[in-house]
Amino acid sequence: MQNLGSSKQLTTAPQRAVKCKVKWFNTTKGFGFVAPLNGTEDAFVHISALIPHNLQGLPEGASITCDLDVGERGLQVTNIIDLGPAPVLENDNFSCRFVLGTVKFFNNRKGFGFATPDDGGTDIFVHMKALEKSGLGALQEGQRVRLKVLDNEKGPTAEGLQILTGETPACE
């Protein structure tokens, strides 16, 4: 390994079972980056590494264990060994709130849709970026969701979301 003047170490050898944190993943483009916790440079992750796990994306902040190898442009994820639990949506902004609801519609081509809150309030705007931040590729009409909602001048907007399966968790 060499260090070329930055705090990140550059590597030229494959690394096995490296714990990483997902920096971001763009489900539309099919790639993103993870930050290895061992201090080496960020690694590229392509959608092809997710296919064996039936995933369309990785949520920002998720922990994964993976194998890394050096590609033409630097480190890249070659195999995902373990997917840690998805990060819990936290209320990190005083104006955010959590809402349970149902997907009213979502247009994948246009990259947005709406969810109807269970409390009967105003429909919540859901942009593709909220899905990408949450590691999701698409929503289906009628899906149950838990949304992290920011109220802004245009109305309630989803900042993140989780698809609910089975029992509905209490809203925190």
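The values are calculated or read from the model by the stated rules, or taken from the named source; none is laboratory data. Keep in mind that this is a model prediction, so the values were computed, not measured. Note: ideal-geometry Cβ built from the backbone for every residue, glycine included; neighbour counts use all protein chains shown.
What the table below lists for this structure:
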item: Given (1) under 20 Å from the mean Cα position of the chain (by Cα); (2) at pLDDT 85 or above; (3) of a type outside the set (Gly, Ala, Ser), index of the condition Lys29 fails; result: (2)
item: Single condition Ser63 does not satisfy, out of (1) touching a helix residue (DSSP H, G or I) at 6+ places or on another chain (Cβ under 7 Å); (2) polar (S, T, N, Q); (3) more than 18 Å from Gly137 (Cβ to Cβ); result: (1)
item: One residue from Leu136, Leu150 being in contact (Cβ under 8 Å) with a residue 60 or more places away in the chain and surrounded by 15 or more Cβ atoms within 10 Å (Cβ to Cβ); result: Leu136
item: Within segment 80-107, tally of residues that are at pLDDT 80 or above and in contact with a Leu (Cβ under 9 Å, 6 or more places away or on another chain); result: 10
